[in-house]
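Trainee: Pasting a structure here, questions to come.
The values are calculated or read from the model by the stated rules, or taken from the named source; none is laboratory data. What you are looking at is a predicted structure, and each value in this text was computed from that prediction instead of being measured. Reconstructed Cβ throughout: ideal geometry from the backbone, glycine too, with neighbour counts over all protein chains shown.
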């Protein structure tokens, strides 16, 4: 199985990753010749369309790299999934703080978001990823292969309510654009069991997805978003990223209705303060 999890950046950083699984990807930037970070300015891209935020990175992978992988994933530069295959007695001496975090995730009983300003914990996570062994990579890949999509902790609230609660100034925009998503939805899913938006939201545009589903999902949302960007030039910063993350739940619900065997799960993740990632 081929897998790549992209860390989405807006600048080239010193904590870049380029391993068998993890890859730093910067949008709209040239990269130094000796950098391990990939950039989206080559190939088909929307790197200059900043209202798309981390969707710029996802668009680039969708259009240029999809044939290279069986699974693709996306994180933010300061929001990282907790995927650690090491037994706790192995992890504890290396990073007690990481071991404590894993215990908190386990005790939560469900996926959670751990917010922290710990620069040491951030560096521990990056260093651990750089030093995963081939056996560690195989364990991570095997775990991911047991799922069709892994995603960040969802927001169990109607998508419209959640969007408006965070972006009250965009209420009118949300109601204006939803018919376009529904029209596109019925083209992709002519026999549809649900209609977007769902009764709950995805979160952060963070997920790891089998590529056939990623292609289908992007084929639904991206053509609509690109047209909307042309139609609403004065829309707020990062607006299309904020809209898209509220639509992932509808896609997951649709797939579970189509395929009772569809395998999905929310993963715990870290949210680091900006200063911790400097």
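Trainee: Hey, among 250, 237, 275, which residue is in contact with a helix residue (DSSP H, G or I) (Cβ under 9 Å, 6 or more places away or on another chain) and either surrounded by 18 or more Cβ atoms within 10 Å (Cβ to Cβ) or closer than 20 Å to residue 179 by Cα (or both)?
Mentor: On the way: 237 fails: either surrounded by 18 or more Cβ atoms within 10 Å (Cβ to Cβ) or closer than 20 Å to residue 179 by Cα (or both); 275 fails: either surrounded by 18 or more Cβ atoms within 10 Å (Cβ to Cβ) or closer than 20 Å to residue 179 by Cα (or both).
So the residue among 250, 237, 275 that is in contact with a helix residue (DSSP H, G or I) (Cβ under 9 Å, 6 or more places away or on another chain) and either surrounded by 18 or more Cβ atoms within 10 Å (Cβ to Cβ) or closer than 20 Å to residue 179 by Cα (or both) is 250.
Trainee: Just checking, how many residues over the range 198-229 are crowded, with 20+ Cβ neighbours inside 10 Å and at pLDDT below 90?
Mentor: Within the range 198-229, residues that are crowded, with 20+ Cβ neighbours inside 10 Å and at pLDDT below 90 number 4.
Trainee: Still on this model: Among (1) under 22 Å from the mean Cα position of the chain (by Cα); (2) surrounded by fewer than 21 Cβ atoms within 10 Å (Cβ to Cβ); (3) at pLDDT below 95, there is one condition residue 171 misses while meeting the rest; what is its number?
Mentor: Every listed condition holds for residue 171 apart from (1).
Trainee: Just wondering, is there one or more residues in the range 256-276 that are closer than 24 Å to residue 49 by Cα and over 13 Å from the mean Cα position of the chain (by Cα)? Before you say what the answer is, go through the steps one by one.
Mentor: The first filter runs over the range 256-276 and keeps only residues closer than 24 Å to residue 49 by Cα, leaving 274.
From what is left, the residues that are over 13 Å from the mean Cα position of the chain (by Cα) are 274.
The answer is yes; a qualifying residue exists.
Trainee: Next question. Over 21 Å from the mean Cα position of the chain (by Cα) and surrounded by 15 or more Cβ atoms within 10 Å (Cβ to Cβ) - does that describe any residue in the range 129-144?
Mentor: Yes, because at least one residue in the range 129-144 is over 21 Å from the mean Cα position of the chain (by Cα) and surrounded by 15 or more Cβ atoms within 10 Å (Cβ to Cβ).
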